[in-house]
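See structure below.
The values are calculated or read from the model by the stated rules, or taken from the named source; none is laboratory data. Small disclaimer: the values here were computed from a predicted structure and weren't measured. Here Cβ is always computed from backbone atoms with ideal geometry, including for glycine, and neighbour counts include all displayed protein chains.
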Amino acid sequence: MKNKIKELSAMHSIAPQIRRICAIAIAAIIGFSFTALSLTGCDTSNDTTHSHQYGAWKSNAAQHWKECNCGEEYGRANHNGNPCPVCKYNDSSHSHSYSDTWAKDATQHWKECSCGDKKLIANHSGNPCGECGYSSSGDNIFISIADFKTWLDAQSANNEGTAYNITLNVNNLGGNVLTSGSAGNVLYTNSTKYVSLNLSGCDITSIGQSAFILCTNLISITLPNNTNFTSIGESAFSGCTNLISITFPNNINFTSIGMNAFSSCSGLTSVNIPNSVTSLNTGAFSYCTNLASVTLPNNSSYTEIESYVFRNCTSLVNITIPNSITMISVNAFDSCTSLSAITIPSSVSMINYDAFSGCTNLTA
């Protein structure tokens, strides 16, 4: 009996140890099951044995990508055309609408739809390219106003010190006249983007009336230099207050600068009008308040300094009247308050009333 009691006592004494062992075993089993559950979600952050396996392309209306069963993505990108040549996604509701302007890189040009599809893909022809205007020199050369506008719209605002250098090789606009419905409007609507504009390659006959009126972001202008170019129209550059440089053509057929053509161009400080000009019309440089020096044309056909042509040029101090002039018209130099002396050649037979009205410093 005593021995039985000892056996039961011994068993009772080890029971807590057995219970503890069982509890540890159960906890281990539970922990394993939670680990197994987490692995079903493929949390591979600590799984060095996992290697991503990407399947076929997946896609939505905008993009395509490949995906591992763990959720990791590879190669997500926008579709490139419709159908997309990469993933074959095809939006049957889409109808291509290609841009009127050329897209281009260093080798080719093309027309592109908003979906990325391309047509008319071709290598550049010439430098600059005769089709899209691309130039390997990095110059901003355009052969259409539409391309110029698209490009300028995409640029950031700048200042006078960092003007964009633009060359337009544009022909046959509105009967060979560059009008206010073209390049001028492009600049006017981008008034915070300063531009130096080179038109020397434009095969046009004239700059039309008000073509660049109030284009306050125009810094300099190089005019067409071809034998067909003859004139600048009325108010063509009027109110271009930041215009500081005009390069006139060296062309004997360029003969006329229109009424108020450069009026209120307050950034101009000097002007050298070519000898081919025979008609410098009324108010052509009026209210150019910083214009200090003017060289007038010297040819036998230029005979009259017209009315108001230099009115209110308050900084004008230096002008020579050529020997061809026979008449100085009404208010020609009205309010040129800095003009202190002027030589009138013997060829002048008529000085109209108020020709020098308001020239308060004129003494001789």
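Remark: pairs (first residue in segment 308-327, more than 14 Å from SER263 (Cα to Cα); second residue of a type in the set (Asp, Glu) and part of a loop (DSSP other than H, G, I, E, B); Cβ separation under 9 Å; 6+ apart in sequence or on different chains) = MET327/GLU306.
Screening the candidates ASN226, ASN298, ASN250 for the property of being at pLDDT below 95, under 22 Å from SER182 (Cα atoms) and in a loop (DSSP other than H, G, I, E, B) yields one hit, ASN226. The residue pairs whose first member lies in segment 76-98 and is at positive phi, whose second member is assigned to a loop (DSSP other than H, G, I, E, B) and surrounded by 16 or more Cβ atoms within 10 Å (Cβ to Cβ), and whose beta carbons are closer than 8 Å, counting only pairs six or more residues apart or on different chains, are GLY81/CYS115; GLY81/ASP117. Would you mind stating whether ASN312 is of a type outside the set (A, V, I, L, M), farther than 21 Å from GLN209 by Cα and in a loop (DSSP other than H, G, I, E, B)? Spelling it out, ASN312 is indeed of a type outside the set (A, V, I, L, M), farther than 21 Å from GLN209 by Cα and in a loop (DSSP other than H, G, I, E, B). Is it the case, given these coordinates, that ALA211 is at pLDDT below 95 and under 26 Å from the mean Cα position of the chain (by Cα)? Answer is yes for this residue.
Residue-level analysis places VAL330 outside the set of residues that are touching a residue at least 24 places away in the same chain (Cβ under 8 Å), β-branched (Val, Ile, Thr) and not in a loop (DSSP other than H, G, I, E, B). Among the residues of segment 84-102, those identified as surrounded by fewer than 17 Cβ atoms within 10 Å (Cβ to Cβ) and either under 24 Å from the mean Cα position of the chain (by Cα) or of a type in the set (A, V, I, L, M) (or both) are VAL86, SER97, TYR98, SER99, ASP100.
Of the set (1) at pLDDT 90 or above; (2) crowded, with 18+ Cβ neighbours inside 10 Å, all apply to ALA183 but (1).
For segment 97-120, a residue qualifies if it is assigned to a loop (DSSP other than H, G, I, E, B), in contact with a Ser or Thr (Cβ under 9 Å, 6 or more places away or on another chain) and at pLDDT 80 or above, and exactly one does: SER97.
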